[in-house]
Amino acid sequence: MACKNKMVVGALALGLGTLANAQNMTFDTPVTTGNTQAAGTWYTDRYNPAGFTSPVNFLGDNRLKESISAADGETGRPGGFSSSFYNYQGRKYDLFANTTSLSVDMYVPTDWTTNGLRGGSLWGTGVDNLNATAAFPIIEFASEGGTGRFRGWDNNTGWVDMGLPTGFAANQFYNMKIDLVGSNFVYTVGDLSMTSSAFGSTSISNAMLQGHNNHDGVNYDIYWDNLQAVPEPTTMAVMGLGVLALARRRKKS
């Protein structure tokens, strides 16, 4: 029995140790920003948003506030940045090695549902076992065409509308999640789900929080919270807890 208990404790310790490696950002402290890649820094992806600040109190809690400015539309940007490529404006953060699950909470206001614009996007970079870029998992809220809905990026065909989760109501936070499961990325919002080929990706190397500008320029804010990135071995934590619970039940019986 003592030997079995040691095995249980060992499995549990391994699992909890892996949980400690997860990256959890509640944005209760200031984020570090920069224009070049650096550890612990939210650095430029495509084009800097007008604002990227935490902590900002919103609805009674600390959040990350990302601001998109009309001055940064296609017609207002400096030469060399005038193409629509730079309409996506955000920052990127490097994740721990072997990250296979990425999620964040994003606030969806009423005007996003009807204004015909794109709102906020969670991006990742899928890399293969040689750390070469293989695919881009993306999930976002958009109202292009006048109908607000979540959608995911299919690395074969482009955008795929996911719709709205059951019970959707504006002016709430929604958790957008990307999981690397086998050979696919799985995008999830509430009871919505879709898959996209991961094209050989073995992990997600970074997280990108993006807003979207347009030709003439728009003004709006995006509120983010609770970004979490989890390395693949975290499953050991669940196994460890399960084994411990089973051992306790056997002991009682």
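What the table shows:
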{"read-out": "For a label point 7 Å along the Cα-to-beta-carbon line of residue 131, residues of segment 41-56 with backbone N under 20 Å", "value": "41-45"}
{"read-out": "Likely footprinting exposure, 186, 104, fewest C-beta neighbours within 10 Å first", "value": "186, 104"}
{"read-out": "Cβ-Cβ FRET estimate between residue 81 and residue 110, R0 fixed at 41 Å, reported to 0.05", "value": "0.85"}
{"read-out": "Net lengthening on full extension, residue 59/residue 71 (0.36 nm per residue, minus Cα-Cα)", "value": "1.6 nm"}
{"read-out": "Where labels lie 7 Å past Cα in the beta-carbon direction, separation of residue 147 and residue 38 in nm", "value": "4.6"}
{"read-out": "Gained length - residue 156 relative to residue 170, 0.36 nm times residue gap less alpha-carbon distance", "value": "2.0 nm"}
{"read-out": "Rounded Å value of the spacing that divides the Cα centres of segment 117-195 and segment 73-116", "value": "13"}
{"read-out": "Length released on extending from residue 193 to residue 232, taking residue separation times 0.36 nm less the Cα-Cα span", "value": "12.0 nm"}
{"read-out": "Cβ-defined net charge surrounding residue 189, 13 Å radius [Lys, Arg +1; Asp, Glu -1]", "value": "-2"}
{"read-out": "Volume in Å³ per residue [convex hull over Cα atoms, computed for segment 22-232]", "value": "119"}
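FYI, it's all coordinate maths here, none of it is from the lab. On a predicted model such as this, the values are computed, not experimentally measured, just so you know. In this analysis, Cβ positions are derived from the backbone assuming ideal geometry, glycine residues included, and neighbour counts consider all displayed protein chains.
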